[in-house]
Amino acid sequence: MLVDFSLEILGPHDLLGFRNMNIPNVADVVTIGDSQTYGNNVGIAENWPSQLERLLKVKRSVVYSMASGGWGAVQYLNMYTHATFFRPRVIVIAFYSGNDPDESVTLAYSVEHWAPLRPDPSLDLSDKPRYPGFPVPLTEQWRAHFKDGQTITFTPSLRLVSNDTAHATVRAGYQIMEKVAQLIARSASEAGIHIVLTIIPTKELVYAQRVHREGITASADYKKLVELERENINRLAQSFKLLPNAVYVDLVEPLQKAAFSYPGLYPSQTNGHPMENGYRLIASVLAPAIGKYVKEPPLGLVRVVPDDKSAYYFLVADGGLWRFATDKIAASNGWKPANARTVDARDIAVFPQFGMIDIGDPKRFGPQRVRQRYAAQKLTVTNNE
């Protein structure tokens with residue numbers, strides 16, 4: 001049987017292999033996850049990291065996605081270390097209950113390097129739920145016919161592979177996810193990085209309340225899955241809420257509510273990835289928790305003091321960065337260097353550099369001109385008093 005990849009919409013990819021239009025000098029937010037974060041089914045502009053960046057645009061935030069299909073908690077831990085090189089204010093770890101437990105336990109027990117993540121060294125990997133195969137055979141699929149005429153196909157037996165806790169491997173998989181979150185939160189706390197944790201549920205769990213309220217008789221596997229997955233997510237979420245320097249954002253309830261009236265959350269066929277509206281909802285739910293850790297960009301005169309203690313003065317305006325040759329040149333343009341806001345170099349690294357200012361030209365580079373330029377946007381120009 002041929003696999004239909006018509007909805008995958010892969011790429012584009014940057015030079016590091018991730019799905020981004022470019023590689024920034026710094027990123028305010030780094031998102032780490034699997035294909036649910038990569039954004040299967042939609043173009044790059046519609047996956048949830050891109051939509052999140054647009055929601056945070058008022059703060060000129062840069063969101064960089066480090067996600068790949070087939071990843072699990074072990075890869076998230078590995079990528080966390082690389083993500084810190086972007087000096088992010090926030091790192092978002094998006095677990096997926098649909099296959100992260102199985103993929104995490106398989107890798108942790110197959111590669112000796114990840115042996116410290118194994119909750120039970122004697123675990124037998126053969127103790128796994130029955131795998132129905134992929135693509136999932138028609139006999140393993142279940143279709144729900146909703147009252148509005150919409151029909152959605154589910155693959156509960158496939159998702160039970162990661163949620164049937166009667167099997168030791170599933171329990172271990174969730175334990176590894178919990179351990180990874182603990183390690184990341186602890187490291188991030190020492191680095192001064194905020195961690196936002198979330199769990200993307202399966203399509204099956206998203207529609208569970210609607211199936212129940214419309215009185216649809218579900219298959220035995222579907223009923224079993226939604227009961228076990230709900231328990232697994234609740235247990236894992238509770239452990240996340242206890243972590244220091246970490247915030248947990250629930251996606252299950254918002255997605256379940258949206259399933260009643262929000263069109264186009266998921267495709268009607270077996271594909272378990274959201275569509276554009278589904279990714280939009282994920283971004284909108286995550287945005288408030290992430291946005292409170294993202295600073296407004298500086299505007300006006302700023303001072304950067306590198307390790308050698310020699311101060312550099314920059315004018316942030318017009319979406320870019322001018323460097324004053326000296327503090328005296330800044331003063332000749334109407335600014336008061338003594339009042340300049342001191343910022344870290346990473347705070348202005350997102351701006352393109354326009355050049356050097358070595359003349360006094362207040363009409364072009366002075367506080368009055370910058371105030372006038374941003375008056376309509378009601379932005380505060382600092383360091384000009």
Per-q log10 I(q)/I(0), the range 152-254, q = 0.11, 0.12, 0.15, 0.19 Å⁻¹ (Debye; single scatterer per alpha-carbon; no solvent) = -0.39, -0.46, -0.67, -0.94
ask   = How long is the gain from K295 to R235 if the chain were fully straight, where each residue apart is worth 0.36 nm and the alpha carbon distance is subtracted?
value = 18.3 nm
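Looking at the calculated P(r) for the chain, what percent of the C-alpha pair distances fall above 33 Å? Walk me through the numbers before you get to the answer.
Numbers: 29386 of 73920 pairs.
Every Cα pair in the chain considered, those over 33 Å come to 40 percent.
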ask   = By the scheme Lys and Arg +1, Asp and Glu -1, what is the net charge of all other residues having a beta-carbon under 10 Å from that of A144?
value = 0
note = Quick calc, A191 & D120: beta-carbon distance into FRET formula, R0 30 Å, rounding 0.05, result 0.50
note = Restricting to aspartates and glutamates and to Cα separations under 15 Å from K363, and discarding same-chain partners fewer than 8 apart, the set is D318
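Relative contact order of the range 190-261, please, whole-number percent, based on alpha carbon pairs below 8 angstrom and at least 6 residues apart. Let's see the in-between values first.
Working: 58 pairs, mean separation 39.6, N = 72.
Relative contact order for the range 190-261 comes out at 55 percent.
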request  = Please report how far the C-alpha centroid of the range 284-329 lies from that of the range 136-163, rounded to the nearest whole angstrom.
outcome  = 51 Å
Candidate aspartates and glutamates - alpha carbon under 16 Å from K295, same-chain residues fewer than 8 apart omitted = D28, E53, D344, D347
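Could you work out [θ]222 nm for the chain from helices alone, using -39500 (n - 2.57) per DSSP H run of at least four and dividing by all its residues? Round to the nearest 500 deg cm²/dmol. Don't skip to the end; give the middle numbers.
Details: 15 runs with 143 residues, N = 385.
For the chain, the value works out to -10500 deg cm²/dmol.
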task = Provide the net charge surrounding V302, with neighbours chosen by a C-beta distance below 11 Å and charges set as Lys +1, Arg +1, Asp -1, Glu -1.
result = +1
request  = Work through the residues other than L160 whose Cβ is under 15 Å from its Cβ and net out their charges, Lys, Arg +1 and Asp, Glu -1.
outcome  = -3
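Provide the three semi-axes, in whole Å and in decreasing order, of the ellipsoid equivalent to the range 206-266 as defined by the square roots of 5 times the Cα gyration tensor eigenvalues. Don't skip to the end; give the middle numbers.
Values: eigenvalues 132, 51, 10 Å².
One finds semi-axes of 26, 16, 7 Å for the range 206-266.
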inquiry  = Which lysines, if any, have their Cα less than 30 Å from the Cα of K147, not counting same-chain residues under 8 positions apart?
reply    = K203, K223, K224, K257
ask   = So if we plug the beta-carbon distance of I216 and D344 into 1/(1 + (r/R0)^6) with R0 = 51 Å, what FRET efficiency do we get, rounded to 0.05?
value = 0.40
query = More than 23 Å apart: what percent of Cα pairs in the range 274-383 qualify?
reply = 37 percent
message = Tell me the accessible surface of E296 in square angstrom (1.4 angstrom probe, heavy atoms of protein chains only), to the nearest ten.
response = 100 Å²
query = DSSP beta bridges in the range 265-359, what fraction antiparallel, as a percent rounded to 5?
reply = 60 percent
message = Taking 37 °C and 0.692 mPa s as the conditions, I'd like the Stokes-Einstein D for the range 260-305 in µm²/s, using the Kirkwood hydrodynamic radius from alpha carbon pairs.
response = 237 µm²/s
Over the range 53-132, relative contact order from alpha-carbon pairs under 8 Å, at least 6 apart, % = 26 percent
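I need the peptides 61-72, 15-26 ranked by packing, meaning the mean over residues of other C-beta atoms within 10 angstrom, with the highest value on top.
Values: 61-72: 22.3, 15-26: 13.8.
Top to bottom by mean Cβ count within 10 Å: 61-72, 15-26.
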ask   = Angle, helix 276-291 long axis vs. longest principal axis of the chain, Cα atoms, 0 to 90°, nearest 10?
value = 50 degrees
remark   = Any residue on another chain or 5+ positions along whose placed amide H is under 5 Å from the amide H of T31 is listed here as Y64, S65, M66, V92
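The values are calculated or read from the model by the stated rules, or taken from the named source; none is laboratory data. These figures come from a predicted structure and were not determined experimentally. Positions of Cβ are generated from backbone atoms using ideal geometry, with glycine treated the same way; all protein chains shown enter the neighbour counts. Heavy atoms of the whole protein, side chains included, go into the accessibility calculation; ligands, DNA and RNA do not. Shrake-Rupley method; radii C 1.70, N 1.55, O 1.52, S 1.80 Å.
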